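Working notes, structure below.
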Amino acid sequence: MDQPFSAATRRATLEALSAETVDLLVVGGGITGAGIARDASMRGLTTALVDAGDFGRGTSSRSSRLVHGGLRYLEHGWLHLVFESSRERGTLLRIAPHLVRPAPFLFPVHAGGRVGRWTLAAGLWLYDALSLFRNVRRHHGLSRKGVRRLEPALRDQDLKGGAVYYDAQCDDARLTLATLRSAHRHGARIANYVAVTGFEKAGGRVRGALTLDRVSGARLALHAHVVVNATGPWTDLVRRLDEPSAAPLLRPTKGVHVVVPRHRVGHTEALTLTSPLDGRVMFVLPWGDLSILGTTDTDITDVPEEPLADIDDVTYLLRSANAYFPDARLNLGDVVSAWAGLRPLLASPGATSTAAVPREHRIVESSGGLVTIAGGKLTTYRSMAAEVVDRVARRLRRLDGRRVPRRAATDTEPLPGGEVPDLDLIVRDLVDEGMEEPLAWALVSRYGTEAAAVANLARREPALARPLLPGQSVIGAEVVHQARREMAMTVADVLARRTRLFLEDPHQAIEAAPAVAWLLAAELGWSAEERDKQAQAYRDEAARMRRAITPARPA
Ligand SMILES: Cc1cc2nc3c(=O)[nH]c(=O)nc-3n(C[C@H](O)[C@H](O)[C@H](O)COP(=O)(O)OP(=O)(O)OC[C@H]3O[C@@H](n4cnc5c(N)ncnc54)[C@H](O)[C@@H]3O)c2cc1C
């Protein structure tokens, strides 16, 4: 599809959808829905996708940002899951080299820790074997001295040694967006801020969805031969719009991450640790100048639209990190930001703890024909999507006899921006044209080959070459690019998901909000009143997050 992925296209999409019947309507624009829309459109199905908020706004922008084989799963014997995840890790490194990057992980072993040296060595051998020894590199063991050399700030007391193994880090929100844009290029009609509020039925069968366009306030009926519910933690809520008494498929849990300045922790590598507080596996991950500490895993009773971290979550993570980096003495004053995500875990009555709930998925069909995909994880979204589309293809065949291709080339066709595997080459081109190297790297790691389009905007209008915040490598041209090519509709779409300044700036990039609102206003045709309202909505969101992790003052 030649049309850009923009607000104007969104409007045209909704107009077109109200008048046609598509083969497949996907509800939910997280990574699962995005993968389904991509796979289906690549197999030639007429496909539509709507999300109640921004793409990835649910769990898919709130993960640990790892594309991983799932080392932890070995403990539970979920070997098939490790095998599948390892294969998918290889695929994603190939099709989105700008967004999914290989990363070494140090796993230190301390005396008295839950995982001993021999267990770790055996586990990592199996981990490499399950990737058919095709991981980025094979793991290697380290002596105590070797660990100290890599991470001098790590607790020396009781240190026995460790190992380095390989996984990948990614930008989850941008991976979701790139997947949706690929679907759009293959003809899928996609819109954010369109909530499904009910289902259209004919003869007891689901034939479409009733929706609310949260931008215009219009109510629209969308028609489809098959509807797939891919709403992550909200799966059961959406199922109940079809079958009010449907028993829950999910047992969602909350996972929190905390961001602190990297120099305060004093680490260089990504680390896999077991929390001394409860033995849970946790990560200390480098993210530019910052460190991400995560994660928690707590049961929840209801599923909020906007989950927030709280003080207990944050304290747990800081205390766990302090146990490994005793000189850091991290405290609440170090916290740059925190985020909470909801894991769409399958309900598993036998599981004794949240960690023992399988990270698998299930596809179920209601009596009215609503197809629901529940569970899963970011890493395996592509293969889950293919399974769902196989199911949809069978339904369409029963309906009108058509033969849908058995597979799509989702594992070989690069995602938008991922066409050139050697990122150095793209960076060098930008530098040759006069861009500072750090900015060139920042743009290439967000946009891949499309960084050139952002650079062109900045070259044509030098004011757009300025950073949105001093010292940060996000420039005004990105806002324009995101409105024109990435369907950014709000200030938070720009600052929280298409860039991550909301989480990376200690003041949640509040100072950048007016400039972003100005740029978006010019692109989206907002009035001055709307522009101010949008900037304020962003400030309110930032204040909510801050409040949730700030201790209450004693009365
Ligand atoms: C803390 C944490 C860490 C994780 N870390 C990793 C990791 O490192 N690696 C990994 O592989 N996996 C990880 N996961 C798992 C992974 O993030 C999720 O499995 C995945 O993001 C779920 O994607 P999804 O599309 O199913 O759900 P979501 O991303 O939540 O998307 C569901 C979408 O449905 C939309 N929606 C809801 N209701 C409606 C409605 N009525 N109408 C229209 N749209 C609607 C929502 O707005 C939302 O955008 C982690 C999860 C958590 C919580």
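The values are calculated or read from the model by the stated rules, or taken from the named source; none is laboratory data. This structure is a prediction, so every number in the text was calculated from the model and none was measured. A quick note on method: Cβ atoms are made from the backbone with ideal geometry, for glycine too, and the neighbour counts reach across all protein chains shown. Please note that ligands, DNA and RNA were not included when accessible areas were found on the heavy atoms of the full protein model with its side chains. Shrake-Rupley method; radii C 1.70, N 1.55, O 1.52, S 1.80 Å.
For ALA270, which sequence-distant residues (separation of 5 or more, or a different chain) have an amide H within less than 5 Å of its own amide H, given hydrogens modelled in the peptide plane? Here LEU106 satisfy the definition.
Measuring nothing but protein heavy atoms, the accessible surface of the chain at 1.4 Å probe radius is 52 percent carbon and sulfur.
Please figure out what share of the DSSP beta bridges in the chain is antiparallel and state it in percent, rounded to the nearest 5. Close to 80 percent.
Entry note, the chain: relative contact order of 19 percent, from Cα contacts under 8 Å with a spacing of 6+ residues. Taking every C-alpha pair closer than 8 Å and separated by at least 6 residues, the mean separation divided by the residue count of the stretch 487-555 gives a relative contact order of 30 percent. Using a probe of 1.4 Å on the protein chains alone, the accessible area found for GLU437 is around 100 Å². For the stretch 406-544, averaging the sequence separation of C-alpha pairs within contact (under 8 Å, six or more residues apart) and dividing by the residue count gives a relative contact order of 16 percent. Classify the stretch 460-507 from the C-alpha gyration tensor, please: rounded if a/c falls under 1.5, else prolate or oblate depending on whether a/b exceeds b/c. It is oblate, given that a/c is not under 1.5 and a/b is not larger than b/c. At an R0 of 56 angstrom, the distance between the Cβ atoms of LYS160 and THR197 translates into a FRET efficiency of 0.50.
Placing unit charges on the Cβ atoms of the charged side chains and taking the dipole of the chain about its Cα centre, the candidate lying farthest along the positive direction among ALA483, TRP125, ALA528 is TRP125. When +1 charges are put on Lys and Arg Cβ atoms and -1 charges on Asp and Glu Cβ atoms, the dipole computed for the chain relative to its Cα centre reaches about 1320 debye.
3J(HN,Hα) couplings calculated from phi for the stretch 406-419 with the Karplus curve 6.51 cos²θ - 1.76 cosθ + 1.60 (θ = phi - 60°) are, in sequence order, 6, 8, 10, 7, 5, 8, 10, 6, x, 6, x, x, x, 6 Hz; Gly and Pro show x.
Our note on the geometry: Cα centres of the stretch 355-425 and the stretch 459-497, 32 Å apart.
Distance from the C-alpha centroid of the stretch 179-195 to that of the stretch 116-157: 41 Å, rounded to the whole angstrom. 3J(HN,Hα) couplings calculated from phi for the stretch 424-431 with the Karplus curve 6.51 cos²θ - 1.76 cosθ + 1.60 (θ = phi - 60°) are, in sequence order, 3, 4, 5, 4, 4, 4, 5, 5 Hz; Gly and Pro show x. Between ALA129 and ALA153, the contour length at 0.36 nm per residue exceeds the alpha carbon distance by 5.5 nm. Here the 3J(HN,Hα) profile of the stretch 72-79, calculated from phi with Karplus coefficients 6.51, -1.76 and 1.60 at θ = phi - 60°, is 4, 5, 4, 4, 9, x, 7, 5 Hz, Gly and Pro shown as x.
Adding -39500 (n - 2.57) for every DSSP H run of four residues or longer, then dividing by how many residues the chain holds, sets the calculated 222 nm ellipticity at -11000 deg cm²/dmol. Over the chain, accessible surface divided per residue gives 40 Å², non-protein components excluded, 1.4 Å probe.
Here ASP310 and ALA528 are evaluated by their C-beta separation; at R0 = 35 Å the FRET efficiency comes out at 0.40. Stretched out straight at 0.36 nm per residue, the stretch from ARG94 to ASP432 would grow longer than its current Cα-Cα span by 119.1 nm.
Between the stretch 504-555 and the stretch 292-341, the alpha-carbon centres lie 23 Å apart. Multiplying the residue separation of SER367 and TRP518 by 0.36 nm and subtracting their alpha-carbon distance yields 49.5 nm. When peptides 27-34, 55-62, 364-371 are ranked by their average number of other Cβ atoms within 10 Å per residue, the highest-first order is 27-34, 55-62, 364-371.
So what is the diffusion coefficient of the stretch 161-297 in µm² per second by Stokes-Einstein at 4 °C and 1.567 mPa s, using a Kirkwood Rh over Cα pairs? Taking Rh from Cα pairs, D becomes 68 µm²/s.
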